[in-house]
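Everything on this sheet refers to the single structure shown next.
Throughout, read-outs are computed from the coordinates displayed, never taken from laboratory work. Here the structure is a predicted model, which is why all the values come from computation and not from measurement. Every residue, glycine among them, receives a Cβ derived from its backbone with ideal geometry; neighbour counts consider all protein chains shown.
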Amino acid sequence: MKKLRLLSVITNYHNRNVEGANFLSNELQYINWCHYPASPFPHNFQPMKLAVLQLSHSKQKELWKGYKVIHYSFLLKVF
């Protein structure tokens with residue numbers, strides 16, 4: 001799925017065994033992941049085309065380590 005552009009994941013709030021992604025396509029433009037676990041995104045993820053990131057009800061404390069370049073207009077929703 002190296003060319004994937006849209007990712008939408010809804011996990012069950014009561015399922016505590018959900019892990020974060022091991023791989024995310026660098027082509028992603030839209031990510032919507034409800035109840036994303038506390039793990040950061042993969043270190044090799046380069047979100048240069050990412051325009052929308054929605055992590056509702058997430059336990060995320062850190063998106064990634066260091067700096068990432070994002071070339072497009074960016075909307076971040078975390079609640």
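Annotations
- When each of Lys3/Lys68; Lys2/Lys59; Lys3/Lys49; Lys49/Lys77 is checked by Cα-Cα distance, pairs over 23 Å: Lys2/Lys59
- Alpha-carbon spread of the chain, three principal axes, descending order, Å: 36, 25, 20
- Percentage relative contact order, the chain, counting C-alpha pairs under 8 Å, at least six apart: 28 percent
- When peptides 26-33, 41-48, 5-12 are sorted by average Cβ neighbour count within 10 Å, with the highest value leading, the order is 26-33, 41-48, 5-12.
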